[in-house]
1. Tally time: how many residues in segment 110-130 are surrounded by fewer than 16 Cβ atoms within 10 Å (Cβ to Cβ), touching a strand residue (DSSP E or B) at 6+ places or on another chain (Cβ under 9 Å) and within 17 Å of residue 166 (Cα to Cα)?
2. Go through segment 10-26 and count every residue that is within 9 Å of the ligand (Cβ to nearest atom), touching a Lys or Arg at 6+ places or on another chain (Cβ under 9 Å) and in a helix (DSSP H, G or I).
3. Report those strands (runs of 3 or more DSSP E) wholly inside segment 83-165 carrying at least 2 residues which are of a type in the set (Gly, Ala, Ser).
4. In the list 360, 350, which residue meets the criterion of being under 21 Å from residue 163 (Cα atoms), out of contact with any helix residue (DSSP H, G or I) (no Cβ under 6 Å at 6 or more places or on another chain) and of a type in the set (S, T, N, Q)?
5. So, restricting to strands (runs of 3 or more DSSP E) that lie completely within segment 181-284, which ones have at least 1 residues that are open to solvent by 50 Å² or more (accessible area, probe 1.4 Å) and hydrophobic (A, V, I, L, M, F, W, C)?
6. Testing residue 169 on (1) buried (at least 19 other Cβ atoms within 10 Å of the Cβ); (2) in the same structural domain as residue 10 (by TED's automatic domain parsing); (3) within 16 Å of the ligand (Cβ to nearest atom), one condition comes back false. Which one is that?
7. Among the residues that make up segment 66-73, is at least one of them open to solvent by less than 40 Å² (accessible area, probe 1.4 Å) and not assigned by TED's automatic domain parsing to the domain that holds residue 22?
Amino acid sequence: MGKPNIVILGAGYGGLMTAVKLEKMLPAHKATVTLVNKYDYHYQTTWLHEIAAGTLHHDRARIPVKDVINMEKTRFIVDNVIAIKPDEKTIKLESGELSYDILVIALGVEPATYGIPGLDDYAFTIETVNNARLLKEHLEYNFAKYHHEDEKNKGRLNIVVGGGVSGVEYLGELTNRIPDLCDEYDIHKTMIRVINIEQSSTVLPDFDPQLAKYAMSSLESRGVEFITGARLKECKPDHVIYEKAGKHETIPTYTTVWTGGVRTNSIAVNSGFTHNQGEIDICDDMRVSGFEDVFAIDECTGVTEKESDKLYPLTANMAIQQSDIVVHNVKALIQGEEEFTAYKPKRSGTVVSLGHTDATGTILNNRKLFGWKAVMLKKLIDNYYLLRLGGFNQLMRKGKFNIFY
Ligand SMILES: Cc1cc2nc3c(=O)[nH]c(=O)nc-3n(C[C@H](O)[C@H](O)[C@H](O)COP(=O)(O)OP(=O)(O)OC[C@H]3O[C@@H](n4cnc5c(N)ncnc54)[C@H](O)[C@@H]3O)c2cc1C
């Protein structure tokens, strides 16, 4: 291969890390690297629930891409990817076309609403900085609006959250924000209902039961109502309908937050790669099955745990781990090597935040953590990521050092 043209789609955890590492590991004369992203900034998806609750300013979660990559080494294009055409080795962008020799797809996910009527139209999601901000503003609007109607509409003070880990994290942040919102808008705290509708018999059904129980009692003690074993059936602008034990119930609400599912980015799915239930099939070396020059990262992929035959949970940590393998194998491909490194997921633990002061999770060897220890670990993980991504500079600018609350 001459001087190949490497194109990376998406500047999330996986894509941006790939660009940063390629800058370090690949001399400029060996390849041209182009990074394409919808926005001129990278955002910390793992902090979006805080923006959505209004407990973190959105600028804290945004990192300008130019502050992290060397613009002389990596070409950065801010554009919307419309389609990938692997047979022609081109990418269709909103404002033109781009060709590649080696492609890295790291476009993340989009919400999956499983055909539940009304969710696409009326529910809020926590997926980008902009829709997290929209949810925050909407919540404030409804608190403000409550006082300005002749007939008081209590539905404005009901917040319904549907399922998932990010839903639990959002509930935690909400319980931190609600006392301040109540003070700001002269509303008594007892008027607010925060309701979680969960299909399983517990929240966090894929976690150790002790962790799930801890999360539920922590949130319950702060006023969250759980409706478990229930399915959201329909979402309307001013109410939701759910089904539990064969009965349909209605909750009046203007704020339904859907965190109950995601699916692989449809651009990646519709590009002609083989996929299984939406996740693109990839080989051990992170190349897309059948394409020796296309790699895919984290949320575009379906990596299966060999022992359980279950898909690995898609996390930021996985995306970062995979970027290491992708960079290594891109380099091997350019150098004409025949041996490629296989991706072996390392489970280093997971922490679920439950607001500023509480969290739960596991660390290496499945050791369980609760309370302030888990909060500290979560902040350590976040800060370590910033250090790896943009060095001491980024850590000081965006790091979380408020360790005592
Ligand atoms: C609220 C919330 C909390 C979470 N908490 C945690 C946590 O605590 N720990 C954890 O490990 N994981 C957590 N996750 C999951 C984690 O954020 C994802 O696993 C991770 O972001 C995946 O990284 P990625 O690089 O595949 O995709 P992303 O980080 O989503 O990046 C995708 C990138 O592609 C860009 N893009 C998308 N479509 C286009 C397009 N058409 N054109 C151009 N650019 C495009 C996006 O702008 C984005 O920059 C959380 C997720 C959410 C939503």
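The values are calculated or read from the model by the stated rules, or taken from the named source; none is laboratory data. Note that the coordinates shown come from a computational prediction; the quantities given were computed from them, not determined experimentally. Neighbour counts are summed over all protein chains in view; Cβ atoms, including those assigned to glycine, are modelled from backbone coordinates with ideal geometry. Ligands, DNA and RNA are excluded from the accessible area calculation, which covers all protein heavy atoms including side chains. Shrake-Rupley method; radii C 1.70, N 1.55, O 1.52, S 1.80 Å.
1. 1
2. Number of matching residues: 1.
3. Details: elements: 90-93, 96-99, 102-105, 109-111, 158-162.
Qualifying strands (runs of 3 or more DSSP E): 96-99.
4. Details: 360 fails: out of contact with any helix residue (DSSP H, G or I) (no Cβ under 6 Å at 6 or more places or on another chain).
So the residue among 360, 350 that is under 21 Å from residue 163 (Cα atoms), out of contact with any helix residue (DSSP H, G or I) (no Cβ under 6 Å at 6 or more places or on another chain) and of a type in the set (S, T, N, Q) is 350.
5. Working: elements: 193-198, 224-228, 230-236, 239-244, 247-252, 255-258, 262-264.
Ranges flagged: 262-264.
6. (2)
7. Initial filter on segment 66-73 (open to solvent by less than 40 Å² (accessible area, probe 1.4 Å)): 68-69.
Now narrow it down to the ones that are not assigned by TED's automatic domain parsing to the domain that holds residue 22: 68-69.
Checking segment 66-73: at least one residue is open to solvent by less than 40 Å² (accessible area, probe 1.4 Å) and not assigned by TED's automatic domain parsing to the domain that holds residue 22.
Listed here are the residues, each with its yes/no results for (1) of a type in the set (Gly, Ala, Ser); (2) over 18 Å from residue 352 (Cα atoms).
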| site | (1), (2) |
| --- | --- |
| 200 | yes, no |
| 216 | no, no |
| 222 | no, no |
| 230 | yes, yes |
| 247 | no, yes |
